[in-house]
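*Asks:* One structure, as structure tokens, below. Some questions next.
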Amino acid sequence: MGDMTTTTAENHKLRRQDGIVAGVCGGLAAFYGINPIWLRILFLILLIPGGLPGFIPYVILWLIVPKKR
């Protein structure tokens with residue numbers, strides 16, 4: 001029973017997925033259980049007012065969140 005809990009906890013960690021640019025949206029979508037297209041749209045909308053509100057959080061997540069093995 002302990003192995004099953006560990007496996008579930010390991011699968012629910014935030015990890016970057018193989019994605020379009022860096023896998024940040026795919027990883028966030030898998031973590032929260034939503035479709036990655038919604039997060040991609042959100043980051044694109046945040047890029048509209050000059051780029052920085054969407055670009056900086058994306059780059060920070062790209063650097064901080066480990067890649068899925």
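Nothing in this text is a laboratory measurement; each read-out follows from the coordinates by a stated rule. None of these values were measured; they are calculated from a predicted model. As a convention, Cβ positions derive from the backbone with ideal geometry for all residues, glycine included, and neighbour counts pool all protein chains shown.
*Asks:* Only Cα pairs under 8 Å and at least 6 apart count here; give the relative contact order of segment 13-69 as a rounded whole percent.
*Replies:* 37
*Asks:* Moving on. So what J values fall out for segment 28-40 if you push phi through Karplus, 6.51 cos²θ - 1.76 cosθ + 1.60 with θ = phi - 60°, rounded to Hz, Gly and Pro as x?
*Replies:* Taking θ as phi minus 60°, the curve returns 5, 5, 5, 5, 8, x, 10, 6, x, 4, 5, 6, 5 Hz for segment 28-40.
*Asks:* While we're on this one: Kindly rank 12-20, 48-56 from highest to lowest mean number of other beta carbons found within 10 Å of each residue. Each step should come with its number before you reach the end.
*Replies:* On the way: 12-20: 14.2, 48-56: 11.3.
Going from most to least packed, we get 12-20, 48-56.
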